[in-house]
């Protein structure tokens with residue numbers, strides 16, 4: 001493997017440009033309560049740890065966490081990710097378990113650093129990269145559950161000692177991995193300073209500069225990754241900033257959730273990319289439905305943006321690649337946390353033993369994998385076209401993709417920004433349904449990737465009357481459209497690789513709703 005480097009707003013592996021594409025390993029070294037369906041009642045590692053100790057005793061708790069860390073993510077997970085064609089994982093780290101500070105020195109906790117070493121080794125064995133992500137810095141950089149903060153305050157910025165320890169911690173990590181090419185880079189701070197703590201924003205860039213300096217004392221090989229403020233969405237902190245003299249191996253990271261998956265929503269990130277001449281990395285995005293994934297992840301690649309899906313694995317869900325079942329007795333635990341009847345120590349131990357068993361009974365949500373890769377079987381909502389050719393001016397309608405002239409309308413006539421907040425993977429509500437209106441000679445096209453040679457069907461939901469021509473894989477088929485219907489092409493023989501479905505209105509006016517690409521099964 002070769003070190004990833006930055007040249008002219010792009011990432012390179014050797015002489016070849018590369019986009020990092022993969023998954024955040026959330027819930028492993030920094031468990032979050034919502035991934036266990038515990039939510040606010042037990043939302044961060046220190047509270048989860050206390051819960052298990054209080055219910056089961058310290059001896060059992062110690063055994064539980066040892067087993068958990070050894071089994072939640074294994075080499076098999078890394079093998080699966082690589083086997084699906086992805087090339088990167090982002091590894092969230094909780095500093096509270098990574099080091100101790102003794103005699104003015106940072107000392108690694110061997111059990112935790114061994115887990116990081118294992119992940120790096122697994123990635124190297126599979127030929128993919130790992131990003132080290134400081135998800136929970138000393139004292140906490142957000143004051144929220146995601147950084148395991150103790151007092152709901154960003155004490156990294158209120159207590160100088162925490163910054164001192166973080167600086168030394170990154171220096172030691174850089175020394176440890178300085179010559180390991182399987183490490184893509186160092187993500188200095190995850191989602192620092194939500195807007196209600198923005199009075200500390202002026203401290204962020206000076207801290208980044210201090211961390212960069214400390215890392216470069218030990219390691220001049222790796223990319224250093226800088227996130228914006230407020231959940232990594234506010235890039236104003238980089239305005240008028242210039243990287244330290246001679247420092248070009250930097251990557252700007254933003255996060256994107258529950259917002260329109262269009263190019264307009266990314267423009268303020270493009271501005272920073274241009275001004276600093278640095279590439280972009282979408283370091284966290286997900287927690288939505290597969291239609292949204294179908295739109296946004298191919299968009300990043302079209303715009304030369306590396307990405308990492310959040311999160312790889314959660315309990316009982318349909319919108320992450322990997323899911324594990326609800327353990328036996330889990331409803332009793334949740335009831336207790338919400339003020340209900342307590343569990344005896346024996347009962348609690350049985351519940352958490354069941355949990356450890358459950359995390360080994362994983363299932364794959366292939367719909368998620370297919371959506372982010374845009375491979376059949378696949379549903380592409382009409383508004384997520386990849387190319388177009390239309391005449392005339394765009395009328396009022398949905399406020400989405402306003403840089404294109406394509407006529408996008410709500411089915412119910414609304415004239416608003418579509419609501420893409422689907423935290424649990426729910427389908428779009430009926431009142432959020434969008435259609436694309438094509439007049440005579442107008443066309444739109446939708447890209448997808450065939451992973452193997454074979455026969456495929458293209459289906460299109462249409463409204464209104466007209467004649468629609470469907471072109472794909474060298475085949476052209478035309479259909480008369482008469483009101484509500486689903487058009488289905490005859491089977492098409494496609495070779496592996498990228499393909500496009502072009503939909504052209506030959507006459508009349510046609511409203512497109514969804515495009516489906518399916519494998520033809522005998």
In degrees rounded to 10, the 0-90 angle between helix 204-218 Cα long axis and the longest Cα principal axis of the chain is 70 degrees
Tilt, helix 110-126 to longest principal axis of the chain (alpha-carbon atoms), in degrees rounded to tens, equals 30 degrees
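Where a ≥ b ≥ c are the square roots of the eigenvalues of the C-alpha gyration tensor, would you call region 253-355 rounded, which needs a/c under 1.5, or, failing that, prolate if a/b is larger than b/c, or oblate? Please list the in-between numbers first.
Values: a/c = 3.48, a/b = 3.04, b/c = 1.15.
Note, shape of region 253-355 comes out prolate.
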Taking 0.36 nm per residue of separation between residue 240 and residue 70 and subtracting their Cα-Cα distance, the length gained on full extension comes to 56.7 nm
With the 8 Å Cα cutoff and a minimum separation of six or more residues, region 4-370 has a relative contact order in percent of 19 percent
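What ranking of 18, 408 emerges when the number of other C-beta atoms within 10 Å of each C-beta is taken as an exposure proxy, fewest first?
Working: 18 18, 408 21.
Fewest-to-most Cβ neighbours within 10 Å comes out as 18, 408.
When only Cα pairs under 8 Å and 6 or more residues apart are kept, what is the percent relative contact order across region 154-304?
Normalised by residue count, the contact order of region 154-304 is 20 percent.
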Least to most buried among 441, 462, 112, 318, by other C-beta atoms within 10 Å and fewest first, runs 441, 318, 112, 462
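Specify whether the C-alpha gyration tensor of region 375-519 places it in the rounded, prolate or oblate class, a ≥ b ≥ c being the square roots of the eigenvalues: rounded for a/c under 1.5, otherwise prolate if a/b is larger than b/c and oblate if not. Show your work: numbers first, answer last.
Working: a/c = 1.77, a/b = 1.27, b/c = 1.39.
It is oblate, given that a/c is not under 1.5 and a/b is not larger than b/c.
To the nearest 0.05, how large is the calculated FRET efficiency for residue 357 and residue 426 if R₀ is 30 Å and r is the Cβ-Cβ distance? Numbers along the way, then the final one.
On the way: r = 29 Å, r/R0 = 0.96.
Rounded to the nearest 0.05, the efficiency is 0.55.
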Checked region 411-461 with the C-alpha gyration tensor, a ≥ b ≥ c its square-rooted eigenvalues, rounded below a/c of 1.5, otherwise prolate if a/b is larger than b/c and oblate if not; verdict oblate
Here the FRET efficiency for residue 213 versus residue 118, based on Cβ atoms and R0 = 30 Å and rounded to 0.05, is 0.55
By Cβ neighbour count within 10 Å, fewest first, 383, 32, 70 rank 70, 32, 383
So the angle from the long Cα axis of helix 160-177 to the longest Cα principal axis of the chain, reported in degrees to the nearest 10, equals 70 degrees
Pseudo-spin-label distance residue 366 to residue 198, built 7 Å along Cα→Cβ, given in nm, is 4.6 nm
Among region 378-404, those whose backbone N falls under 11 Å of a label point 7 Å along Cα→Cβ from residue 467 are none
Note on region 375-519: contact order normalised by length, alpha-carbon pairs under 8 Å, 6 or more apart, percent, works out to 32 percent
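The numbers here are math on the coordinates, done by the rules we state, and not lab data. Computed from a predicted model, the values in this text were never measured in an experiment. So basically every Cβ, Gly included, is an ideal-geometry build from the backbone, and we count neighbours across all protein chains shown.
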